[in-house]
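Engineer: Sharing a structure with you now.
The values are calculated or read from the model by the stated rules, or taken from the named source; none is laboratory data. Everything quoted here is computed from the prediction, not taken from an experiment. Cβ placement follows ideal geometry from the backbone for every residue including glycine, while neighbour counts extend to all protein chains displayed. Ligands, DNA and RNA are stripped out before the accessible areas are found, and what is left, the full protein with its side chains, is counted by its heavy atoms. Shrake-Rupley method; radii C 1.70, N 1.55, O 1.52, S 1.80 Å.
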Amino acid sequence: MVYRFHFTGADLARTRVAPSVPPLEELSIALRVLQDRNQALRFGTWRREVWARLPPGARMVLDLTPRHGWTPGFLSPRGPGGVPELLEQVAATPTTRLRTTLAQIAERQRLPGWAARLGDSPEALRQLVDALGQVHAVALAPYWPQVTAQIAADRAVRSHDLLHGGVERLLHGLYPPRIRWRAPVLEVDLVSGLEGDVHLEGRGLLLVPSVFATQAPVVNPDAEPQPVLTYPAHRDEQAGPLTLTTRTAPHDTPAPLTALLGRTRAAVLHVIAQRPGCTTGEIATALAIGPSGASQHATMLREAGLITTLRHHNT
């Protein structure tokens, strides 16, 4: 059973790899992994650390994010801004969308009894949003530098494929066990066994790498402005399991560099050295700092002759 995306020439022209991974979407995938027992070598340490630190309110989020099954789309919005802004988007979800989404899921699987109150009680929705923020702070935020580093490595692989083999090679190499390019159709095997056909009709496809979606891709055919295919990020098989990374030593910045430039500016330089061609927005995401702060640090590093910058349109 296969999910199929049908391409036209316009779709191939508009297909792209996302510049960064949406944090609440990655959190949704991570919570499925948290409740699983597979890949103990890679995720065992992470699971033990997260389970030990989850707050009591986390049960609300886990109830709506089962290991297998459907998760409400309003819990993982896309858009500009950091996690606080995305959480406010969840809190501002229209009542009609809440009710419709939950009713559709209830037709496929059992929902917790309290979920029925989300469409009628702003207080219940706020409790869920607060719990979602707490879960993110424990399950993903401490590991975010490592996640973004792996996403950057995947983008380098995809850029190489695109430069040396075009879109065809890019699509062929996404995740061969479960994603196959048979022009003009991209076939995707889903763990759920869901079948379907999506005619992209000129919208193209947004390809989103994920650190936690290691065994199977995820599709969102209803995403706007274009459907989304989340695929397992490329990873060096010799790499070890995920380990805790804190903001106090982002990206393992060398101590002498920190002593010379200061903690944050040294971390900015270290990120740039690891990811030639990154944008200030990507630096801000990697280090969980504001875009203006990343821009200021990059300006100082440029004026000191330590980096070179190039403006392209508004980037």
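Engineer: Just the number, please: carbon plus sulfur as a percent of the accessible area of the chain, 1.4 Å probe, no ligands or DNA/RNA counted. Please report the intermediate quantities before stating the final value.
Structural biologist: On the way: 8710 of 16100 Å².
Carbon and sulfur atoms account for 54 percent of the accessible area of the chain.
Engineer: Taking only DSSP H segments of four or more residues, each worth -39500 (n - 2.57), what value at 222 nm results for the chain once the sum is divided by all its residues, to the nearest 500 deg cm²/dmol? If you can, show how the numbers build up before the last one.
Structural biologist: Details: 12 runs with 146 residues, N = 315.
About -14500 deg cm²/dmol.
Engineer: Still on this structure: Which shape class applies to the chain: rounded if a/c is under 1.5, otherwise prolate when a/b exceeds b/c and oblate if not, where a ≥ b ≥ c are the square roots of the Cα gyration tensor eigenvalues?
Structural biologist: Details: a/c = 1.64, a/b = 1.19, b/c = 1.38.
Oblate shape, in that a/c is at least 1.5 and b/c is the bigger or equal ratio.
Engineer: Here is a follow-up. Just going by the charge dipole of the chain, with Lys and Arg at +1 and Asp and Glu at -1 on Cβ, which of 226, 262, 167 is farthest out on the positive end?
Structural biologist: Final value for the positive-end residue is 262.
Engineer: Now a separate question. Normalising by the residue count of the chain, find the relative contact order in percent from Cα pairs under 8 Å and 6+ residues apart. Walk me through the numbers before you get to the answer.
Structural biologist: Numbers: 413 pairs, mean separation 83.4, N = 315.
Value for the chain: 26 percent.
Engineer: Going by accessible area, probe 1.4 Å, with all protein chains left in place, what is the ranking of 172, 297, largest first?
Structural biologist: Details: 172 90, 297 40 Å².
Largest to smallest exposure gives the sequence 172, 297.
Engineer: For the charge dipole of the chain, defined by +1 on Lys and Arg C-beta atoms and -1 on Asp and Glu C-beta atoms about the Cα centroid, which residue among 207, 35, 193 has the Cα displaced farthest towards the positive pole?
Structural biologist: 35
Engineer: Further question: For the chain, report the accessible area per residue in Å² (1.4 Å probe, heavy atoms, rounded to an integer). Kindly include the intermediate steps, with their values, before the conclusion.
Structural biologist: Working: 16100 Å² over 315 residues.
Computed with neighbouring chains in place, this is 51 Å² per residue.
Engineer: Right, another one. Could you work out the local net charge near residue 48, counting Lys and Arg as +1, Asp and Glu as -1, over the other residues with Cβ closer than 15 Å to its Cβ?
Structural biologist: On the way: positive: 37, 42, 47, 53; negative: 36, 49.
Net charge around residue 48: +2.
Engineer: Give the shape of region 255-304 as rounded, prolate or oblate, defined through the alpha-carbon gyration tensor: a ≥ b ≥ c are the square roots of its eigenvalues, a/c under 1.5 means rounded, and otherwise the shape is prolate if a/b is larger than b/c and oblate if not.
Structural biologist: Numbers: a/c = 1.44, a/b = 1.39, b/c = 1.03.
Rounded is the answer for region 255-304, as its axis ratio a/c remains below 1.5.
Engineer: Using a simple charge model, +1 on the beta-carbon of Lys and Arg, -1 on the beta-carbon of Asp and Glu, nothing else, what dipole does the chain show about its Cα centre, in debye to the nearest 20?
Structural biologist: Values: 32 positive and 27 negative charges, 85 e Å.
Here the size comes out at about 420 debye.
Engineer: Could I ask something else about it? Quick one: Cα centre-to-centre distance for region 101-174 and region 52-81, in angstrom?
Structural biologist: 9
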